[in-house]
Amino acid sequence: MLKALYDYAIQRGLTVPDGCVKKTVKAYVCLSSVNPDYAEVIPGGEEAVVCPDIGSLAKGTDKSNVLCENRSVVFATEENAKSRFFWNAMADCAQHDAQLKRCVQAAEDEQLRGRILSELDRYKIKPADRICFMIDGESVLKRKSALAWWQEYRRQFQKAGGQKVPCLITGELIEPVATTPPISGLGIVGGRAQDTLICFDKASFCSYNLKQAANAPVSERAMTAVKSAMDDLIRKAPVLAGMKFVHWYDCELPANMDPLLSQEFGFAVEEEDAEEDAAEEDVLSPEEQLRKARSAEHSADDFVKSAESGEARPLPAHTSYHILLLNGVGGRVMLRRYMRGSYEQLRNSLDAWSKDLSLTSASGAGNLPPCKLTARLIRLLSFQKADAKPLSRMDKELSGQMASILTAILTNGPLPDAVAARALAHLRSELLADDDKDRENIRFYSMGLACQWLKVWLLRRKDAVEQEENIMETYNPDLKNTAYHCGGMMAVFSRLQETAVPEMGAGILQRYYASAIQSPQMVLGMLSKRSTHHLEKLESKGLTKYFSDKLAEQSVRIGAEIPATLTLAEQSYFALGYYQMLAQMNMERNAARARRMAENDRKDTEE
């Protein structure tokens with residue numbers, strides 16, 4: 001992993017000189033080489049710049065960084081060891097670069113110093129904010145003479161003549177650094193402003209009587225490159241269930257060639273848009289859903305076609321992907337999972353993931369369109385009807401399973417059983433809690449995403465039997481699974497009641513689904529007796545035969561005996577059967593409506 005990060009930094013030009021790191025500067029104190037009374041403060045930029053960093057050479061609290069430091073050090077209210085070290089170093093640097101004498105003179109001039117402090121206050125520069133100097137409009141950090149001085153100046157703090165050992169990253173014989181530079185960017189996932197990637201501050205972290213850095217010897221240059229790579233990747237990485245999802249490839253890829261940014265795996269869902277994104281597809285008409293799904297399928301293959309036609313540059317042979325799941329714990333970088341494999345294997349695994357997910361939409365008009373992984377993961381959280389920020393709960397509820405889920409997706413492996421249990425719990429809670437007709441499309445779409453998890457879990461179970469191969473995108477009347485057809489019959493009973501008594505609020509779905517999916521024998525028998533009353537009400541609408549035939553067909557598929565209780569796998573089949581039968585009846589209803597409209601149009605034309 002460290003070598004891969006080192007190579008990333010080298011290939012992308014992220015390396016910095018020894019003894020330097022990239023930092024952001026909050027403000028610059030601007031001085032003039034010709035006008036000793038001139039002093040102005042300007043805000044710094046968001047872009048990190050190369051700064052000298054004393055790092056592990058500090059060895060205590062009496063040293064500071066030079067050229068660029070916190071305001072509390074550069075302009076200390078009371079002189080202290082760090083402030084004294086900073087200005088002594090600046091005076092030494094001024095002997096090699098005369099321009100820097102202006103910085104020392106400005107700090108010693110009480111009147112000019114007071115104006116600078118007032119300017120810093122005006123821009124609300126805090127004591128912990130990093131500041132630097134500019135002379136004649138040029139930052140002292142860009143002066144080659146100043147950086148060259150630093151390379152020589154820092155040698156006095158380095159130990160010489162130590163035992164040389166092979167670097168874990170490059171393999172070169174080196175004197176290992178005592179402590180490695182900290183990593184930034186994990187504050188949002190439990191880290192601090194800076195966290196340590198390699199540390200041996202406790203005896204339990206050491207072995208073979210080795211002390212500190214000798215347990216994992218790395219050179220300063222190599223580790224600085226690793227830090228640069230980590231900082232760059234973490235900055236761009238999305239947050240997934242309380243972890244930073246960091247990924248890169250052996251070579252640079254355009255976004256349309258990165259399968260981890262595809263429609264079935266991206267991270268484009270924002271917290272405030274999570275519920276709207278989840279409901280978007282079923283709000284569309286059946287024709288729009290089908291058109292969007294086809295468009296997504298075409299866009300997913302665009303880069304393959306462009307490569308075949310010669311429009312895209314082919315990838316180097318043996319291109320590999322690298323994935324890190326990171327968060328911060330107690331000031332340390334916690335590596336939750338590291339995955340590596342070939343680009344081709346990743347593409348194949350994500351293609352298999354997309355294929356296994358294929359499931360009809362609740363409307364019956366084509367399959368559910370692709371959606372972002374974050375939107376799909378919401379269906380594994382405990383259901384909360386008025387939850388405005390579901391993504392904020394992921395790090396608490398899914399942190400234990402997230403690494404296993406990602407491994408299953410990226411390696412075409414089995415999903416953990418907790419996925420099925422969570423999807424079923426979310427499904428039951430949502431159907432039980434929600435009888436709002438205005439949110440019906442949202443509810444059905446959410447059901448579809450939860451059922452996709454169940455379908456993939458069933459297909460990839462380690463103890464999967466032959467019947468799993470017959471789980472189709474739509475309802476399969478030939479599937480030899482009683483629980484599956486029990487779910488289908490539950491859907492028929494639910495639609496029968498909705499059609500016969502449309503004004504009813506909480507119906508069969510809200511009252512009996514949670515019980516039926518666990519103990520179908522008791523519930524389906526009761527609903528069968530009540531169905532006679534509903535069938536009588538439909539005689540005037542001419543739908544009695546349709547529903548009678550549906551119930552008869554399901555009875556034949558179930559067989560002689562309805563199960564008394566269902567296992568986790570059987571409950572998953574029940575949920576799939578319910579959802580797919582619901583989609584099939586919606587498709588049949590839409591087809592019948594289209595036939596009636598066509599017939600009416602024909603009659604109007606004839607008249």
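The values are calculated or read from the model by the stated rules, or taken from the named source; none is laboratory data. Because the structure is predicted, anything quoted here is derived from the model rather than measured. A quick note on method: Cβ atoms are made from the backbone with ideal geometry, for glycine too, and the neighbour counts reach across all protein chains shown. Surface accessibility is based on the protein's heavy atoms, side chains included, excluding ligands, DNA and RNA. Shrake-Rupley method; radii C 1.70, N 1.55, O 1.52, S 1.80 Å.
Please name all residue pairs, on different chains or six or more residues apart, with Cβ atoms under 8 Å, provided the first residue is in region 387-398 and is polar (S, T, N, Q) and the second residue is assigned to a helix (DSSP H, G or I).
S392/E271
Can you name the residue in region 564-580 that is outside any loop (DSSP other than H, G, I, E, B) and open to solvent by 30 Å² or more (accessible area, probe 1.4 Å) and is also farthest from A421 (Cα to Cα) among such residues? Steps first, please.
Of the residues in region 564-580, the ones outside any loop (DSSP other than H, G, I, E, B) are 568-580.
Next, only the ones that are open to solvent by 30 Å² or more (accessible area, probe 1.4 Å) stay: 568, 570.
Details: L568: 7, E570: 12 Å.
Among them, the one singled out is E570.
Conditions first: (1) surrounded by fewer than 22 Cβ atoms within 10 Å (Cβ to Cβ); (2) part of a helix (DSSP H, G or I); (3) modelled with pLDDT of 90 or more. G487 passes all but one, so which condition is the exception?
Every condition holds for G487 apart from (1).
How many of the residues in region 70-86 are over 19 Å from L147 (Cβ atoms) and either free of Cβ contacts under 8 Å to residues at least 24 places away in the same chain or open to solvent by less than 20 Å² (accessible area, probe 1.4 Å) (or both)? Break it down into steps so the answer makes sense when it comes.
As a first pass, look at region 70-86 and keep what is over 19 Å from L147 (Cβ atoms): 70-73, 75-84.
After this cut, where a residue has to be either free of Cβ contacts under 8 Å to residues at least 24 places away in the same chain or open to solvent by less than 20 Å² (accessible area, probe 1.4 Å) (or both) as well, the list is 73, 75-84.
Qualifying residue count for the region: 11.
Please specify each residue of region 34-50 satisfying the condition of being under 31 Å from the mean Cα position of the chain (by Cα) and of a type outside the set (G, A, S).
So the first thing to find is which residues in region 34-50 are under 31 Å from the mean Cα position of the chain (by Cα), and the list is 44-50.
Within region 34-50, E46, E47, V49, V50 qualify.
From L31, L67, L2, L14, grab the single residue that is within 31 Å of the chain's Cα centre (by Cα), modelled with pLDDT of 90 or more and either open to solvent by less than 60 Å² (accessible area, probe 1.4 Å) or not β-branched (V, I, T) (or both).
Numbers: L31 fails: within 31 Å of the chain's Cα centre (by Cα); L67 fails: within 31 Å of the chain's Cα centre (by Cα); L14 fails: modelled with pLDDT of 90 or more.
Only one candidate passes the filter, namely L2.
If you scan region 95-142, which residues turn out to be assigned to a loop (DSSP other than H, G, I, E, B), acidic (D, E) and within 17 Å of P52 (Cβ to Cβ)? Break it down stepwise before answering.
If we filter region 95-142 for residues that are assigned to a loop (DSSP other than H, G, I, E, B), which is where we start, we get 95-97, 109, 123-129, 136-137.
Narrowing further to those that are acidic (D, E): 97, 109, 129, 136.
The one that is assigned to a loop (DSSP other than H, G, I, E, B), acidic (D, E) and within 17 Å of P52 (Cβ to Cβ): D97.
Can you name the helices (runs of 4 or more DSSP H) wholly within region 507-563 that have at least 3 residues being of a type in the set (V, I, T) and touching a residue at least 60 places away in the same chain (Cβ under 8 Å)?
On the way: elements: 508-516, 520-537, 544-558.
Counting at least 3 such residues, we get no helices (runs of 4 or more DSSP H) at all.
The conditions are (1) crowded, with 18+ Cβ neighbours inside 10 Å; (2) at pLDDT below 85; (3) of a type outside the set (G, A, S); (4) under 24 Å from T15 (Cβ atoms), and F200 fails exactly one of them. Which is it?
Only one criterion is unmet by F200, namely (4).
Yes or no: L117 out of contact with any strand residue (DSSP E or B) (no Cβ under 6 Å at 6 or more places or on another chain) and either modelled with pLDDT under 90 or open to solvent by 80 Å² or more (accessible area, probe 1.4 Å) (or both)?
Working: out of contact with any strand residue (DSSP E or B) (no Cβ under 6 Å at 6 or more places or on another chain): yes; either modelled with pLDDT under 90 or open to solvent by 80 Å² or more (accessible area, probe 1.4 Å) (or both): no.
Criteria not met by L117.
With respect to A107, determine if the residue is over 44 Å from the mean Cα position of the chain (by Cα) and surrounded by 17 or more Cβ atoms within 10 Å (Cβ to Cβ). Step through it out loud before you land on a result.
On the way: over 44 Å from the mean Cα position of the chain (by Cα): yes; surrounded by 17 or more Cβ atoms within 10 Å (Cβ to Cβ): yes.
Yes; evaluated as a whole, the condition is true for this residue.
Could you run through region 328-361 and say how many residues are among the charged types (D, E, K, R), open to solvent by less than 50 Å² (accessible area, probe 1.4 Å) and farther than 26 Å from C251 by Cα?
As a first pass, look at region 328-361 and keep what is among the charged types (D, E, K, R): 332, 336-337, 340, 344, 347, 351, 355-356.
Going one step further and asking which of them are open to solvent by less than 50 Å² (accessible area, probe 1.4 Å), we end up with 347, 356.
Filter once more, keeping what is farther than 26 Å from C251 by Cα: 356.
Number of matching residues: 1.
Among V41, V29, which is the only one that is in a strand (DSSP E or B) and over 24 Å from A148 (Cα atoms)? Working first, answer last.
On the way: V29 fails: over 24 Å from A148 (Cα atoms).
That would be V41, the only listed residue that is in a strand (DSSP E or B) and over 24 Å from A148 (Cα atoms).
Here is a check on your reading of the model: is E430 touching a strand residue (DSSP E or B) at 6+ places or on another chain (Cβ under 8 Å), buried (at least 16 other Cβ atoms within 10 Å of the Cβ) and either closer than 23 Å to L509 by Cβ or at pLDDT 90 or above (or both)? Let's see the steps before the verdict.
Working: touching a strand residue (DSSP E or B) at 6+ places or on another chain (Cβ under 8 Å): no; buried (at least 16 other Cβ atoms within 10 Å of the Cβ): yes; either closer than 23 Å to L509 by Cβ or at pLDDT 90 or above (or both): yes.
No.
Residue by residue, here is whether (1) of a type in the set (S, T, N, Q); (2) crowded, with 19+ Cβ neighbours inside 10 Å holds:
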position: C371; (1), (2): no, yes
position: D387; (1), (2): no, no
position: L391; (1), (2): no, yes
position: A403; (1), (2): no, no
position: T407; (1), (2): yes, no
position: L415; (1), (2): no, yes
position: R422; (1), (2): no, yes
position: E440; (1), (2): no, no
position: R443; (1), (2): no, yes
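So, in region 143-195, exactly how many residues are open to solvent by less than 30 Å² (accessible area, probe 1.4 Å) and outside any loop (DSSP other than H, G, I, E, B)?
Restricting attention to region 143-195, the residues satisfying the condition of being open to solvent by less than 30 Å² (accessible area, probe 1.4 Å) are 146, 149-150, 154, 167, 169, 174, 177, 180-181, 183, 186, 189, 191, 195.
Then keep just the ones that are outside any loop (DSSP other than H, G, I, E, B); that gives 146, 149-150, 154, 174, 183, 189, 195.
Summing the residues that are open to solvent by less than 30 Å² (accessible area, probe 1.4 Å) and outside any loop (DSSP other than H, G, I, E, B) in region 143-195 gives 8.
In region 494-524, what residues are open to solvent by 40 Å² or more (accessible area, probe 1.4 Å), at pLDDT below 80 and more than 19 Å from L543 (Cα to Cα)?
Residue satisfying the conditions is G505 alone.
I'd like to verify a number: residues in region 34-47 that are aliphatic (A, V, I, L, M) and open to solvent by 40 Å² or more (accessible area, probe 1.4 Å), how many? Outline the logic, then answer.
Keep residues of region 34-47 that are aliphatic (A, V, I, L, M), which gives 34, 39, 41-42.
When the remaining residues are screened for being open to solvent by 40 Å² or more (accessible area, probe 1.4 Å), the result is 34, 42.
Number of matching residues: 2.
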